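For reference, the structure discussed in these notes is given below.
The values are calculated or read from the model by the stated rules, or taken from the named source; none is laboratory data. None of these values were measured; they are calculated from a predicted model. Positions of Cβ are backbone-derived with ideal geometry, glycine not excepted, and every protein chain shown enters the neighbour counts.
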Amino acid sequence: MREGILEWGAFGLLVAVCLGVAAAGSGYLAQTLFTAALFVLLATGWNVISGFTGYVSFGQVSFFGLGAYVAALAMLHLDAPWYGAAVIATLAGIGLALPLGMIMLRLQGIFFALGMFGLARILQIIASSLEITGGPMGTTVAMAASVNRCAFIMVAVAATVVVATYALTRSRLGLRLMAVRDDSIAAEAAGVNAWSTKVIAFCISAGIGATGGALYVWNVGYLDPGSAFNGTIELQTILMVLAGGIGSVWGPVVGGILISILSTALWAHFPMEQQIVLGALTMLIAIVMPGGILSAVNRLGWLRRKPIWGAGVRALAAAEGYAGPAASPGPPPSILPVGAALSCRSLSKRFGGVAAVNGVSLTVKAGELLAIIGPNGAGKSTLFNLLSGFARPSLGEVHFAGREISGLAPHVLARQGLARTFQTSRLFPTLTVWETVLLASSSLHGSRAVATREAARILAEVDLIDQWADLPDTLPPGRQRLLEIARTLALRPRVLLLDESMAGMSAKEIERVQNALKAAMARGCGIVAIEHVLPAIAPIAARVQVLDFGATIAEGPPALVLRDPVVIEAYMGVEIEEAADDVA
């Protein structure tokens, strides 16, 4: 709490000083302040899509230039006041970003970055070709009557956007953005619509960039394609975020102030070498200090991001009165669903000439556990991808809760109660244990109070409540697996797909998981579990189905299947015989 007061106190003091300088300072100081605040605004906007969402963009200047031109045209041809022109420009930026994001955000990595770079060049060519924009010679507009007034408004807008960005990072959307950045596949499995989340972030980023462009043209009173779509603006924006700390709220503020001052000094004394120096500095920071200035500050314990909605986690768990898995809330036995919860028929998946899954059929009933076993390469994980929507079958159908689901997106299935883990744990490196479970819980529950209460209950149920503020990489492998299971339980699944979830666990952790799974089955959850640690899963499995080379070779009660000579031969080892002895 004290750190938060100091943090916001320092920011408030900075804003107050800047507003005072903007109101009473000289024209030169006001213009310098305007430029610094403008770049803080642009850096904050770039950070939304590239820092919080993980999509590195070389096209923020596209929306800056678009906003500048739309604002100029609104003032010239619609007689709009500067603030009306700024609103129109912001909406224009969002209006372009929405359809563009639906297409561009399906690209990954360098392809997205290059696509955005191309957008800036296209818009520059269009601006140079149209008579209404003034062509390559540009156009003039009515500029602000006072540079001091312009600087004052720019500082106020930049400060407002920084506060709004902080609020974003503390929200459900901010949690989803960071999850998508860390691992979009795991986010989908937690019920997050990764694509729409990225589009929203892209629109926010574009709107901020367009606002900056509108205020820029009001400040200078002149606009041409070269200045509107200047690559130096893009370079400086990226450098500011990298220097301050990408993916943080305060990084763009720190970097924006420092780099804008440096850039102004370079332009005044070495105008021809400015871009060379800035480019070299960008590479140096990326190599020497990839986390930016804030990474060094964070190591001292300052300005660290606090877990979202994390106040009173232990108190929430205590309020639930948790007393073990058997006490977990769920429907009474009289209303437990009956019949098949999940089934597939003749399911196949081919990759070229290879059949990873070949005509597999299975059924899991509500409240039972079906174990899927088989040697490595048998097609078990591919089968899970088909069942959970992460892959489309070449042949066959999947039915969940009485309807065919092939083609439904993973996040839709997760929200409807078909949850899964992964063979290799897919956790979110920058999200805490609490936030990992909260992400799934908030995907299911619209109420913040319900989402936090459920997340706390589940952490207590799986004995991770004491590590709620830790990052996943600080946990031992067994506890990381436990955390992934907790994330699936937060979706209150009707069917749970566990992919080798007990690998690396201690005997105590396995017992904890077994109790949690029994509690889930008591609530009517059907479970399909791939497991190589056979003694861990066989005692609680109702049936076992064995895959080899993508096809089912045996199916039935564990005691019979695990002693089947065909199954033993497929495993080529004694572990399966030991598991059979444990069941017996």
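Quick one: in region 79-105, which of the residues that are surrounded by 22 or more Cβ atoms within 10 Å (Cβ to Cβ) and modelled with pLDDT of 95 or more is nearest to the chain's Cα centre (by Cα)?
For region 79-105, the residue satisfying everything is Ala97.
Quick one: how many residues across region 145-161 are crowded, with 18+ Cβ neighbours inside 10 Å and over 35 Å from the mean Cα position of the chain (by Cα)? Break it down into steps so the answer makes sense when it comes.
Narrowing region 145-161 to residues crowded, with 18+ Cβ neighbours inside 10 Å: 147-148, 150-155, 157-159, 161.
In the following step, the residues that additionally are over 35 Å from the mean Cα position of the chain (by Cα) were identified as 147-148, 150.
Here the count works out to 3.
Conditions tested, residue by residue: (1) within 33 Å of the chain's Cα centre (by Cα); (2) under 30 Å from Gly312 (Cα atoms); (3) in contact (Cβ under 8 Å) with a residue 12 or more places away in the chain; (4) in the same structural domain as Gly221 (by TED's automatic domain parsing).
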site: Glu7; (1), (2), (3), (4): yes, yes, yes, yes
site: Val15; (1), (2), (3), (4): yes, no, yes, yes
site: Ser26; (1), (2), (3), (4): no, no, no, yes
site: Leu29; (1), (2), (3), (4): no, no, no, yes
site: Leu42; (1), (2), (3), (4): yes, no, yes, yes
site: Val48; (1), (2), (3), (4): yes, yes, yes, yes
site: Leu66; (1), (2), (3), (4): yes, no, yes, yes
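Quick one: count up the residues across region 135-144 that are crowded, with 16+ Cβ neighbours inside 10 Å and not polar (S, T, N, Q).
Looking only at that region, the number is 4.
Before we move on, is Ile246 more than 18 Å from Phe63 (Cα to Cα), modelled with pLDDT under 95 and over 14 Å from the mean Cα position of the chain (by Cα)?
On the way: more than 18 Å from Phe63 (Cα to Cα): yes; modelled with pLDDT under 95: yes; over 14 Å from the mean Cα position of the chain (by Cα): yes.
Judged against the criteria, Ile246 is a match.
Kindly check whether there is at least one residue in region 106-117 that is over 29 Å from the mean Cα position of the chain (by Cα), without any contact (Cβ under 8 Å) to a residue 40 or more places away in the chain, in a helix (DSSP H, G or I) and in the same structural domain as Thr140 (by TED's automatic domain parsing). Reasoning before the result, please.
First, pick out the residues of region 106-117 that are over 29 Å from the mean Cα position of the chain (by Cα): none.
No, region 106-117 contains no residue that is over 29 Å from the mean Cα position of the chain (by Cα), without any contact (Cβ under 8 Å) to a residue 40 or more places away in the chain, in a helix (DSSP H, G or I) and in the same structural domain as Thr140 (by TED's automatic domain parsing).
Among the residues of region 56-84, count how many are of a type outside the set (A, V, I, L, M), within 21 Å of Leu119 (Cβ to Cβ) and not in a loop (DSSP other than H, G, I, E, B).
Step one: list which residues in region 56-84 are of a type outside the set (A, V, I, L, M), which gives 57-60, 62-65, 67, 69, 77, 79, 81-84.
Next cut, within 21 Å of Leu119 (Cβ to Cβ) only: 57-60, 62-65, 67, 69.
If we keep only those that are not in a loop (DSSP other than H, G, I, E, B) too, we end up with 60, 62-65, 67, 69.
Adding up the residues that qualify gives 7.
Going through Pro539, Pro476 one at a time, which residue ends up being surrounded by fewer than 23 Cβ atoms within 10 Å (Cβ to Cβ), modelled with pLDDT of 90 or more and not acidic (Asp, Glu)? Show your work before the answer.
Working: Pro539 fails: modelled with pLDDT of 90 or more.
Exactly one of Pro539, Pro476 is surrounded by fewer than 23 Cβ atoms within 10 Å (Cβ to Cβ), modelled with pLDDT of 90 or more and not acidic (Asp, Glu), namely Pro476.
Find the residue count for region 167-189, including only residues that are crowded, with 22+ Cβ neighbours inside 10 Å and either within 15 Å of Pro429 (Cα to Cα) or outside the structural domain of Ala36 (by TED's automatic domain parsing) (or both).
The initial filter retains those residues of region 167-189 that are crowded, with 22+ Cβ neighbours inside 10 Å, namely 175-181, 186-189.
Now drop any that are not either within 15 Å of Pro429 (Cα to Cα) or outside the structural domain of Ala36 (by TED's automatic domain parsing) (or both), which leaves 175-181, 186-187.
So the count comes out to 9.
Scan Ala449, Ala414 and give me the residue that is farther than 28 Å from Ser506 by Cβ, modelled with pLDDT under 95 and not in a loop (DSSP other than H, G, I, E, B). Even if it seems obvious, please write down each step before you answer.
Values: Ala414 fails: modelled with pLDDT under 95.
After applying the criteria, what remains is Ala449.
Rundown of residues vs (1) surrounded by fewer than 23 Cβ atoms within 10 Å (Cβ to Cβ); (2) outside any helix (DSSP H, G or I), yes/no style:
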| site | (1), (2) |
| --- | --- |
| Leu438 | no, no |
| Glu454 | no, no |
| Ala469 | yes, yes |
| Gln480 | yes, no |
| Ser501 | no, yes |
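Among the residues of region 370-393, is any touching a Leu at 6+ places or on another chain (Cβ under 7 Å) and farther than 29 Å from Leu534 by Cα?
Scanning region 370-393 turns up no residue that is touching a Leu at 6+ places or on another chain (Cβ under 7 Å) and farther than 29 Å from Leu534 by Cα.
Can you confirm whether region 196-207 contains a residue that is in contact (Cβ under 8 Å) with a residue 12 or more places away in the chain, of a type in the set (Gly, Ala, Ser) and within 19 Å of Ala80 (Cβ to Cβ)? Lay out the reasoning, then the answer.
If we filter region 196-207 for residues that are in contact (Cβ under 8 Å) with a residue 12 or more places away in the chain, which is where we start, we get 197-207.
Checking which are of a type in the set (Gly, Ala, Ser) leaves us with 201, 205-207.
Now drop any that are not within 19 Å of Ala80 (Cβ to Cβ), which leaves 207.
For region 196-207, residues in contact (Cβ under 8 Å) with a residue 12 or more places away in the chain, of a type in the set (Gly, Ala, Ser) and within 19 Å of Ala80 (Cβ to Cβ): present.
Please state which one of Thr363, Thr264 is under 30 Å from Ser388 (Cα atoms), modelled with pLDDT of 75 or more, surrounded by 13 or more Cβ atoms within 10 Å (Cβ to Cβ) and hydroxyl-bearing (Ser, Thr, Tyr).
Criteria check complete, one pass: Thr363.
Might you check whether a residue that is of a type outside the set (S, T, N, Q), closer than 28 Å to Val147 by Cβ and in the same structural domain as Glu131 (by TED's automatic domain parsing) occurs anywhere in region 272-281?
no
Considering only region 297-305, I want to know if a residue exists there that is modelled with pLDDT of 85 or more and not small (Gly, Ala, Ser). Outline the logic, then answer.
Of the residues in region 297-305, the ones modelled with pLDDT of 85 or more are 305.
Of the ones still in play, those that are also not small (Gly, Ala, Ser) are 305.
Yes, there is a match, as at least one residue in region 297-305 is modelled with pLDDT of 85 or more and not small (Gly, Ala, Ser).
Out of region 189-206, which residues are touching a Phe, Trp or Tyr at 6+ places or on another chain (Cβ under 8 Å) and among the small types (Gly, Ala, Ser)?
So in region 189-206, the residues touching a Phe, Trp or Tyr at 6+ places or on another chain (Cβ under 8 Å) come out as 189, 198, 201-202, 205-206.
The answer is Ala189, Ala201, Ser205, Ala206.
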